[in-house]
Amino acid sequence: MTGFTLEELAETIRQRAASGDAGSYTARLAGKGVAKCAQKLGEEAVEAAIAAVERDRAGLTGEAADVLYHLLVLLEVSGVPFEDVKAELGRRTSQSGLEEKASRPAAKGGR
């Protein structure tokens with residue numbers, strides 16, 4: 001097991017997104033804005049779901065890595081610190097999942 005953390009990845013993304021380096025995929029993607037970053041996250045999430053349904057363990061592993069990366073890019077371009085997401089997850093784990101879900105405001109569209 002490596003010492004790699006999502007915090008390190010978030011920091012690398014933050015630095016590269018701010019760099020403006022034309023040779024950096026992260027900088028180029030971030031430069032395209034929130035809508036493009038959201039689209040990429042959606043594409044990767046669908047690919048991860050397909051790999052899971054197909055029981056493609058290696059494919060799901062790779063797609064899950066892509067989902068995490070693209071989520072962190074989207075958070076960065078949206079101005080949402082990864083620390084805020086971690087804090088929200090911490091808050092949610094202080095109660096049961098059913099209690100937490102019931103405490104959320106109703107979503108738009110009746111979902």
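Select from segment 5-36 the residues that are among the hydrophobic types (A, V, I, L, M, F, W, C) and under 19 Å from D84 (Cα atoms) and write down the one among them that is farthest from the chain's Cα centre (by Cα).
Per the stated criteria, the residue is A17.
For segment 12-34, enumerate the residues that are in a helix (DSSP H, G or I) and either closer than 15 Å to L71 by Cβ or in contact with a Gly (Cβ under 8 Å, 6 or more places away or on another chain) (or both).
Passing the criteria: T12, I13, R14, A17, T26, A27, L29, A30, G31, V34.
Quick test for you: out of L41, L72, pick the one residue that is touching a residue at least 40 places away in the same chain (Cβ under 8 Å) and closer than 16 Å to L6 by Cβ.
Being touching a residue at least 40 places away in the same chain (Cβ under 8 Å) and closer than 16 Å to L6 by Cβ holds for just one of L41, L72, which is L72.
Could you grab me the full set of residues in segment 27-73 that are closer than 20 Å to T12 by Cβ and either at pLDDT below 95 or aliphatic (A, V, I, L, M) (or both)?
A27, L29, A30, V34, L41, A64, A65, V67, L68, L71, L72, V73
If I filter segment 82-95 for residues that are touching a residue at least 40 places away in the same chain (Cβ under 8 Å), exposed (fewer than 13 other Cβ atoms within 10 Å of the Cβ), part of a helix (DSSP H, G or I) and of a type in the set (D, E), do I get at least one hit?
No - not one qualifying residue is present in segment 82-95.
Can we say A64 is part of a helix (DSSP H, G or I), more than 30 Å from K101 (Cα to Cα) and not β-branched (V, I, T)?
no
The conditions are (1) assigned to a loop (DSSP other than H, G, I, E, B); (2) more than 19 Å from the chain's Cα centre (by Cα); (3) of a type outside the set (G, A, S), and K101 fails exactly one of them. Which is it?
Exception for K101: condition (1).
The values are calculated or read from the model by the stated rules, or taken from the named source; none is laboratory data. Computed from a predicted structure; not experimentally measured. Backbone-built Cβ (ideal geometry, glycine too); neighbour counts: all protein chains shown.
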